[in-house]
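The next block holds one structure in the form of structure tokens; read it before the comments.
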Amino acid sequence: MIHAGAGPEPVSGARQTPIFQNTAYAFHDADHAASLFNLQTFGFIYSRLGNPTVAALEQRLASLEGGRGAACCASGHAAQVLAFFPLMEPGSRFVASNRLYGGSITQFGRTFRKFDWHCDFVDTEDLAAVEAALDAGVKALFIESLANPGGVVSDLEALAELTNASGAVLIVDSTLATPWLCRPMDWGADVVVHSATKFLSGNGTVIGGAVIDSGRFDWGASGRFPGLSEPEPAYHGLKFSETFGDLAFTTHAHAVGLRDLGATMAPMNAFLILLGLETLSLRMERHCRNALRVAEWLEGHPKVAWVSYAALPGSPYRDLAAKYLPNGAGSVFTFGVRGGYEAGIRVVEGCDLFSHLANVGDARSLILHPASTTHRQLSDEQRAAAGAGPEVVRLSIGLETVDDLIRDLDRALAAA
Ligand SMILES: *Cc1c(COP(=O)(O)O)cnc(C)c1O
């Protein structure tokens, strides 16, 4: 969290990582330039492909997740495009959980179709259904370790086994867990994606994303991923898997993905995320402790129909949480208000300390009514599957004094 990827800056000795607010990098000579462009030397050419401040963050995230390499980019949604880009061709298919963040369901189900990329959504708690869906044409399974907003915990080890046996790639969105609570690669994930917008930065200051690769997938042996194993015409017929081995995916993400998709992370944003990461463990401990207290209190409130928080004794995800999230079940969860849609809206409007907005993972506590906001574009069926029915209120518990949070919710529930 504090040291990986960044020592003192070699020229000035500056101890904190500088913001390299800079577009391009001088070549030593024509040979150096040629070898950089041929991908024969690692180094910086132009900040769309790589930047020293962003590179420090990439190394730090790779280290935190136990991965081989990483590519940071403009947002969590850009990270999802970047993760699929080396794997997919026009007409390719992948499978995803039907409990994903609402924005991901829209991105995969609608926008990806314009690239002729196709997603089948399945209930990933039904392992037989997952196994049936993972036929030989499927490129990847995409899940969340801890799903937003329902507090659903994925059975990572079982899903990794099924994906691995089918020859597909397991991609895990670990935004809500963060590497402090869960490291999906320890359970067999091939690729981890993050929205760094949330807990990694932790202050509600930036939009950012990251793709981290385990380096363990053998692209050459697989033959299912020609983008990584076949000659790349834009680099004189180089084969990424052959030339870069366990760095093939990460090198492709920079040299082709960021080069051509252009969804680059700004150095200032990388700096703010690096700064946030320094306190990740301290914040996550407090986030989780506060969240458990609030969830327990809500469970006893007469106007609350149910609370969906994986660390509660009655949660169906308690055993999975104990296995995969031993340090805490995160700080984003949902509860149901008696009185449905209207009551949900009144609780959100009745809060003072909680901010009513569409984000999670801020130092400040946040509240949202998904059915009228983030999940409004989905059908009733999709909303129910995603845990975002009409009575559902989502909380992202911040770092405040927990008694103040409980007092605020108590007042809002009384008014509803
Ligand atoms: C916010 C979020 C995203 C999208 O990230 P952006 O940074 O907003 O693009 C993806 N997955 C999850 C779980 C999220 O919470």
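The table below lists the values:
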| read-out | value |
| --- | --- |
| Qualifying residues in region 102-129 (those that are more than 18 Å from V153 (Cα to Cα) and in contact with an Asp or Glu (Cβ under 9 Å, 6 or more places away or on another chain)) - the one surrounded by the fewest Cβ atoms within 10 Å (Cβ to Cβ) | D116 |
| Residue match in region 154-164 (condition: β-branched (V, I, T), surrounded by 24 or more Cβ atoms within 10 Å (Cβ to Cβ), within 16 Å of the ligand (Cβ to nearest atom) and outside the structural domain of Q382 (by TED's automatic domain parsing)) | no |
| Test result for L159, without any contact (Cβ under 8 Å) to a residue 40 or more places away in the chain, in contact with a Leu (Cβ under 8 Å, 6 or more places away or on another chain), under 18 Å from F121 (Cβ atoms) and part of a strand (DSSP E or B) | no |
| Selected residue (criterion: farthest from A56 (Cα to Cα)) from residues of region 66-101 that are modelled with pLDDT of 95 or more, within 15 Å of the ligand (Cβ to nearest atom) and touching an Asp or Glu at 6+ places or on another chain (Cβ under 7 Å) | S97 |
| Pair list, Cβ < 9 Å and 6+ apart or interchain, from region 276-289 residues that are over 12 Å from L399 (Cβ atoms) to residues that are surrounded by fewer than 19 Cβ atoms within 10 Å (Cβ to Cβ) and aromatic (F, W, Y) | none |
| All positions within region 276-314 that are in contact with a strand residue (DSSP E or B) (Cβ under 7 Å, 6 or more places away or on another chain), under 22 Å from V172 (Cα atoms) and either surrounded by fewer than 22 Cβ atoms within 10 Å (Cβ to Cβ) or outside the structural domain of F354 (by TED's automatic domain parsing) (or both) | S308 |
| Every residue from region 346-375 that is closer than 24 Å to L100 by Cβ, more than 16 Å from the ligand (Cβ to nearest atom) and not polar (S, T, N, Q) | V348, H356, H369, A371 |
| Matching residues, region 315-326, being surrounded by fewer than 21 Cβ atoms within 10 Å (Cβ to Cβ) and touching a Gly at 6+ places or on another chain (Cβ under 9 Å) | S315 |
| Which numbered condition S104 misses (of (1) within 12 Å of the ligand (Cβ to nearest atom); (2) of a type in the set (G, A, S); (3) under 20 Å from R183 (Cα atoms)) | (3) |
| Single condition T23 does not satisfy, out of (1) more than 16 Å from the ligand (Cβ to nearest atom); (2) among the polar types (S, T, N, Q); (3) within 30 Å of Q382 (Cβ to Cβ) | (3) |
| Subset of region 203-243 [more than 30 Å from P267 (Cβ to Cβ), surrounded by fewer than 17 Cβ atoms within 10 Å (Cβ to Cβ) and either within 16 Å of the ligand (Cβ to nearest atom) or small (G, A, S) (or both)] | G220, A221, S222, G223, G237 |
| Residue in region 181-190 that is assigned to a strand (DSSP E or B) and not assigned by TED's automatic domain parsing to the domain that holds V332 present | no |
| Elements of type strands (runs of 3 or more DSSP E) in region 12-123, at least 3 residues being in contact with a Gly (Cβ under 9 Å, 6 or more places away or on another chain) | 69-73, 118-122 |
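The values are calculated or read from the model by the stated rules, or taken from the named source; none is laboratory data. The structure displayed is predicted, hence computed values, not measured ones. Here the Cβ is made from the backbone with ideal geometry for all residues, glycine too, and neighbour counts use every protein chain on show.
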